[in-house]
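Please read the structure below before turning to the comments.
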Amino acid sequence: MYEILQKKKLADNTFLMQVKAPAIAKKAKAGQFVILRIDEKGERIPLTLVDWDRTSITLIFLEVGHTTRQLARLKKGKMIRDVVGPLGNPSIIPQESVACFVAGGLGTAAIYPIIKAYKKANNKIITVLGAKSSDYLFYEKELEALSDQMHICTDDGSKGTEGRVTEPFFKIMRKRVDYVVTVGPLVMMKEVCRLSKHRAKTYASINTIMVDGIGMCGGCRLTYDGKTMFSCVDGPEFDGHLVEWDELINRSSVYKKEEKSLCRLRK
C-alpha cells in the first residue's frame with residue numbers, strides 16, 4: 001500500500017499527488033514512469049515520474065477517464081493499492097547543447113524532470129508550452145526558472161500567443177537547435193517531428209495504452225524504423241523521425257467508446 005502524502009489541484013482537471021514510495025524514489029530518473037492500480041479491481045494506468053526526493057514520488061494526472069476520476073477523489077492520507085516502477089528507459093541527457101522542449105497539455109508534467117536534468121548538464125533550454133486556455137496551464141514558474149527562453153501558446157489566446165505550439169517552434173528551428181524533446185498529444189508530436197526533420201535530433205516521449213509495463217501485453221506497441229517496439233520497455237522516448245505516427249494515432253483511439261461508456265455507468 002502507498003500513502004498519499006499530498007494532493008492538490010494545479011489547473012482544470014489537473015491534479016498533483018505526492019506518494020510515499022522510497023524504493024521507487026531511490027532509483028527514479030528523468031523520463032521514467034510508474035504504473036499504479038487504485039485497488040484490487042482497478043485498471044492499471046501509467047503516470048510520469050514528475051519529481052522525487054528520498055522517500056516520495058510526485059505524480060501529475062489529468063482527470064479524463066474512469067480511473068483518473070477515482071484517483072482525483074482520493075485525499076491526503078488515503079492509500080493506493082499498487083505503484084510499480086520506475087519503468088521505462090531514462091532520458092538521454094546531452095551536455096552543453098541547445099535543446100528545445102515542446103509540450104502540450106499534460107506533457108508539461110513529463111518534460112519538467114527532463115528539463116531539470118538537461119539544465120544540470122549545462123544545456124541551453126528553450127521551452128514551448130501549449131494548452132487549451134490559461135485555466136489548463138501549470139508549472140509555468142517552475143519551467144520559466146529553468147529556461148533560457150519561454151514561449152506559451154493557448155488555443156483561445158487567454159495567455160501567451162494564440163495558436164498552436166508549432167507556430168513559435170517553426171521560428172525557433174530557423175536558429176541553432178541541437179536537440180528537440182516533445183511530449184503531448186500524438187498529432188502535435190507528429191507535427192513537431194516533421195518540422196525538426198533534418199534539423200535536430202528529436203526525441204518523442206510516447207505514452208500509449210499500457211497494461212503490464214514489461215512488454216508482455218503488447219498494448220503499447222508501435223512501429224519504429226520498420227520494426228515493432230513497445231513504449232514501456234523500448235521507450236518511452238523514441239527518435240521521433242523514425243516513428244510511424246499515423247498508425248500510432250489510429251491505435252490510440254481504439255478504446256475511446258468503451259471508456260466513455262464506463263464513465264457514464266460509474267458516475
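Every number here is computed from the coordinates shown, using simple stated rules; none is lab data. Predicted model only: the values in this text are computed from it and were never measured. A quick note on method: Cβ atoms are made from the backbone with ideal geometry, for glycine too, and the neighbour counts reach across all protein chains shown.
Quick check for me: using +1 on Lys/Arg Cβ and -1 on Asp/Glu Cβ, what's the dipole size of the stretch 44-136 about its Cα centre, in debye to the nearest 20? Don't skip to the answer; put the middle values down first.
Numbers: 13 positive and 6 negative charges, 69 e Å.
Charge dipole of the stretch 44-136: 320 debye, to the nearest 20.
Go through G213, S158, L16 and say which Cα lies farthest out towards the positive end of the charge dipole of the chain; charges sit on Cβ, +1 for Lys and Arg, -1 for Asp and Glu.
The listed residue farthest towards the positive side: L16.
Treating the beta-carbon of each Lys and Arg as +1 and of each Asp and Glu as -1, no other charges, what is the dipole magnitude of the chain about its Cα centre, to the nearest 20 debye? The partial results should precede the final answer.
On the way: 43 positive and 31 negative charges, 115 e Å.
Charge dipole of the chain: 560 debye, to the nearest 20.
How long are the semi-axes of the equivalent ellipsoid of the stretch 158-204, taking √(5λ) for every eigenvalue λ of the Cα gyration tensor, in whole Å from largest down?
Details: eigenvalues 65, 37, 14 Å².
Value: 18, 14, 8 Å, ordered largest first.
Could you run the Debye sum over the Cα atoms of the stretch 2-87, one equal point scatterer each and no solvent, and tell me log10 of I(q)/I(0) at q = 0.15, 0.25, 0.27 Å⁻¹, two decimals?
-0.47, -1.39, -1.59
Any idea what log10 I(q)/I(0) is at q = 0.14, 0.16, 0.25 Å⁻¹ for the stretch 142-185, Debye with uniform C-alpha scatterers and no solvent?
Result of the Debye calculation: -0.38, -0.50, -1.14.
Can you tell which of M1, Y118, I249 lies farthest toward the positive end of the dipole of the chain, using +1 and -1 charges on the Cβ of basic and acidic side chains (Lys, Arg; Asp, Glu)?
M1
What shape does the stretch 1-154 take by its C-alpha gyration tensor, where a ≥ b ≥ c are the square roots of the eigenvalues and a/c under 1.5 counts as rounded, a/b above b/c as prolate, and the rest as oblate?
On the way: a/c = 2.24, a/b = 1.42, b/c = 1.58.
Note, shape of the stretch 1-154 comes out oblate.
Restricting to the chain, compute how many DSSP beta bridges are antiparallel as a %, nearest 5.
Working: 33 of 57 bridges.
Roughly 60 percent of the DSSP beta bridges within the chain come out antiparallel.
Per 10 Å bin from zero, what fraction in whole % of the C-alpha pairs of the stretch 129-208 is there, up to the bin with the longest pair?
17, 49, 32, 1
222 nm [θ] for the chain, helices only, -39500 (n - 2.57) per DSSP H run of 4+, per residue, to 500?
Details: 9 runs with 74 residues, N = 267.
My calculation for the chain gives -7500 deg cm²/dmol from helical runs alone.
Can you give the Rg and Dmax of the chain based on its C-alpha atoms, in angstrom?
17.8, 52
Quick one: among P90, P113, P236, which has the greatest mean-square fluctuation in a GNM of the chain with alpha-carbon springs under 10 angstrom?
With Cα springs under 10 Å in the chain, the top fluctuation among P90, P113, P236 is at P90.
Over the alpha-carbon set of the stretch 174-225, divide Rg by the Kirkwood Rh and report the Rg/Rh ratio to two decimals. It would help to have the intermediate numbers written out before the result.
Numbers: Rg = 13.5 Å, Rh = 12.6 Å.
That ratio equals 1.07.
What FRET efficiency comes out for the pair H198/S253, r = Cβ-Cβ distance, R0 = 41 Å, nearest 0.05? Provide the component values of the computation, followed by the final result.
Details: r = 30 Å, r/R0 = 0.73.
The formula returns an efficiency of 0.85 here.
Which value, in debye to the nearest 20, gives the size of the charge dipole of the stretch 115-214 about its Cα centre, when Lys and Arg are +1 and Asp and Glu are -1 at the Cβ?
On the way: 17 positive and 12 negative charges, 135 e Å.
It works out to roughly 640 debye.
Could you tell me which of rounded, prolate or oblate describes the stretch 77-197, using a ≥ b ≥ c as the square roots of the eigenvalues of the alpha-carbon gyration tensor, with rounded for a/c under 1.5 and, failing that, prolate when a/b is larger than b/c and oblate otherwise?
Numbers: a/c = 1.65, a/b = 1.17, b/c = 1.41.
It is oblate, given that a/c is not under 1.5 and a/b is not larger than b/c.
How far apart, in nanometres, would the label points at R37 and V64 be if each is projected 7 angstrom from Cα along the Cα-to-Cβ direction?
2.3
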